[in-house]
Ligand SMILES: C[S@@+](CC[C@H](N)C(=O)[O-])C[C@H]1O[C@@H](n2cnc3c(N)ncnc32)[C@H](O)[C@@H]1O
């Protein structure tokens, strides 16, 4: 069941009213509402931009860097970015052919993405995200998408926005890999923004089903040690995470900004304000 999940930023399916390019999927932990605040803390100048935990891409689409290197461990998501970058119109056309009914949803949910062309794979990904319950992307331990039908009457995409996303992605490199592989490519003068699955008291991240594997305490330790290495070679970075003792200890000695965020706390859409951290080495 879904009811114990902590879900952030419930307005993600709403179109951006500020004229920004906005994510084409709703993503748990997505930073659409916070992105302008976060970006105001970023260095004013850097060479290449790196974002190893890309997710829905709300920060990337706010920064709109000239040259970017991004990754996520979710291969279906990364393929979807690639398809939109390559030919957004073909993805839109494939989406237009998918019906928003429970019957059609259940059929599409069963299809293994690897059996489809890149364009159709992307269309199925966006379709499932827009028609499933609360727009969650969640897979089981076998990596199968397992969210129920949501019965929402909304369009799957906006052509204007999809075109803008595609334009914004033309100088973005995508990899499906672990964050370490991407971030270690950064050089002196580059900037890396890390937005990992948040650490939660109890040892696991607050939401662990973006991919078939989980993001554990040792991964947070691994991230902190990578940040020390990057710091030593003159790479600037910022890390978002929960305001917890472990995170404060792992990053002791760096700069902390407390950022106020609204989080949904249960299925009845109650929300509360929480403070989260943006940690910086500059
Ligand atoms: C909090 S979300 C990022 C949200 C994103 N900033 C946004 O605004 O939509 C974290 C992302 O990290 C990805 N992820 C989890 N473990 C990873 C790993 N070891 N390496 C790279 N990405 C990983 C998840 O698939 C998820 O998309």
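The values are calculated or read from the model by the stated rules, or taken from the named source; none is laboratory data. None of these values were measured; they are calculated from a predicted model. When we count neighbours, we look across all protein chains shown, and the Cβ atoms used for this are built from the backbone with ideal geometry, even at glycine.
Please enumerate the residues belonging to the range 213-240 that are at pLDDT 95 or above, closer than 29 Å to residue 140 by Cα and in a strand (DSSP E or B).
If the condition is that a residue be at pLDDT 95 or above, closer than 29 Å to residue 140 by Cα and in a strand (DSSP E or B), then 239, 240 are the ones that fit.
Checking the condition crowded, with 17+ Cβ neighbours inside 10 Å, in a loop (DSSP other than H, G, I, E, B) and at pLDDT 95 or above, which residue from 98, 77, 128 passes?
Exactly one residue qualifies, and that residue is 98.
Could you list all residues from the range 53-74 that are assigned to a loop (DSSP other than H, G, I, E, B) and either more than 19 Å from residue 190 (Cα to Cα) or more than 12 Å from the ligand (Cβ to nearest atom) (or both)? Explain how you work it out, then say what you get.
Residues of the range 53-74 assigned to a loop (DSSP other than H, G, I, E, B): 53-59, 64-67, 73-74.
Scanning the range 53-74 gives 55, 56, 58, 64, 65, 66, 67, 73, 74.
Out of everything in the range 241-260 that is in a helix (DSSP H, G or I) and free of Cβ contacts under 8 Å to residues at least 40 places away in the same chain, what residue ends up being surrounded by the most Cβ atoms within 10 Å (Cβ to Cβ)?
Filtering the range 241-260 down to residues in a helix (DSSP H, G or I) leaves 245-250.
Keeping just the survivors that are free of Cβ contacts under 8 Å to residues at least 40 places away in the same chain gives 245, 248-250.
Numbers: 245: 9, 248: 15, 249: 9, 250: 21.
If we take residues in the range 241-260 being in a helix (DSSP H, G or I) and free of Cβ contacts under 8 Å to residues at least 40 places away in the same chain, then 250 is surrounded by the most Cβ atoms within 10 Å (Cβ to Cβ).
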